[in-house]
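Student: Let me give you the structure first, and then I'll get to my questions.
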Amino acid sequence: MAFDVSVALTWILFLALFPMAFFWLRRAWRILVRRDFSEVALKGGEPPPDAERWAPYAMAINGVCGVVVVGVIVGVVVAGLPYDTWTAIAGSTIFCKLFLDFALSRHAHVWSKRETRR
């Protein structure tokens, strides 16, 4: 049996979904239940001064993406989702999560700078 890179990358992607889902859902839980806003809209490792204002958006991004990834995991294990389908859903979710987190952090920090100038 020869080593196949595509099979290895498929397994890496699938196994990486587990910690991603855990961290994203944990972050949503911390924001929603514990009211911990220390990881909301981080820019340079620092949250904006008004992190509570942006917390619902960060919670929604993390919660939705976490649930979608858990759905993909369950779909692959239980329902046997086709490879093209689950990789497309997982890849799109990861890309959208990173893009939306980046956009939220930049937007939150711009607004906080504008409000402090006044």
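The values are calculated or read from the model by the stated rules, or taken from the named source; none is laboratory data. Please read these numbers as outputs of a predicted model, since none were measured by experiment. For neighbour counting, all protein chains shown are included, and Cβ atoms are generated from backbone atoms with ideal geometry for every residue, glycine included.
Student: Filter region 24-42 down to the residues that are in contact (Cβ under 8 Å) with a residue 12 or more places away in the chain and either more than 29 Å from residue 108 (Cβ to Cβ) or surrounded by 13 or more Cβ atoms within 10 Å (Cβ to Cβ) (or both) and list them by number.
Tutor: Result: 24, 25, 27, 28, 31, 32, 37, 39, 40, 41, 42.
Student: Check off (1) at pLDDT 90 or above; (2) of a type in the set (Phe, Trp, Tyr); (3) over 17 Å from residue 63 (Cα atoms) for residue 23 and give me the number that stays unchecked.
Tutor: So the condition that residue 23 fails would be (3).
Student: Among (1) touching a residue at least 60 places away in the same chain (Cβ under 8 Å); (2) surrounded by 13 or more Cβ atoms within 10 Å (Cβ to Cβ); (3) out of contact with any Asp or Glu (no Cβ under 9 Å at 6 or more places or on another chain), there is one condition residue 106 misses while meeting the rest; what is its number?
Tutor: The failed condition is (2).
Student: Also, quick follow-up: Output the residue which, of all residues in region 66-85 that are in contact (Cβ under 8 Å) with a residue 40 or more places away in the chain, under 17 Å from the mean Cα position of the chain (by Cα) and buried (at least 16 other Cβ atoms within 10 Å of the Cβ), is nearest to residue 28 (Cα to Cα). Show your work before the answer.
Tutor: The initial filter retains those residues of region 66-85 that are in contact (Cβ under 8 Å) with a residue 40 or more places away in the chain, namely 66-67, 69-70, 72-73, 76, 83.
The next check asks that each one be under 17 Å from the mean Cα position of the chain (by Cα); those that pass are 66-67, 69-70, 72-73.
After this cut, where a residue has to be buried (at least 16 other Cβ atoms within 10 Å of the Cβ) as well, the list is 66, 69-70, 72-73.
Details: 66: 9, 69: 14, 70: 14, 72: 18, 73: 19 Å.
Applying the filter and picking the extreme gives 66.
Student: Residues of region 79-97 being within 14 Å of residue 66 (Cα to Cα) and not aromatic (Phe, Trp, Tyr), which ones?
Tutor: 89, 90, 91, 92, 93, 94, 96, 97
Student: Please go through (1) surrounded by fewer than 17 Cβ atoms within 10 Å (Cβ to Cβ); (2) at pLDDT below 95 for residue 48 and return the number of the only condition it doesn't satisfy.
Tutor: Only one criterion is unmet by residue 48, namely (1).
Student: Give region 1-23 a look and list any residue that's among the β-branched types (Val, Ile, Thr) and loosely packed, with under 14 Cβ neighbours inside 10 Å, or say none.
Tutor: Filtering region 1-23 for residues among the β-branched types (Val, Ile, Thr) gives 5, 7, 10, 12.
5, 7, 12, listed by residue number.
Student: Something else about it: What about residue 52, is it under 24 Å from residue 109 (Cβ atoms), without any contact (Cβ under 8 Å) to a residue 12 or more places away in the chain and out of contact with any helix residue (DSSP H, G or I) (no Cβ under 8 Å at 6 or more places or on another chain)?
Tutor: no
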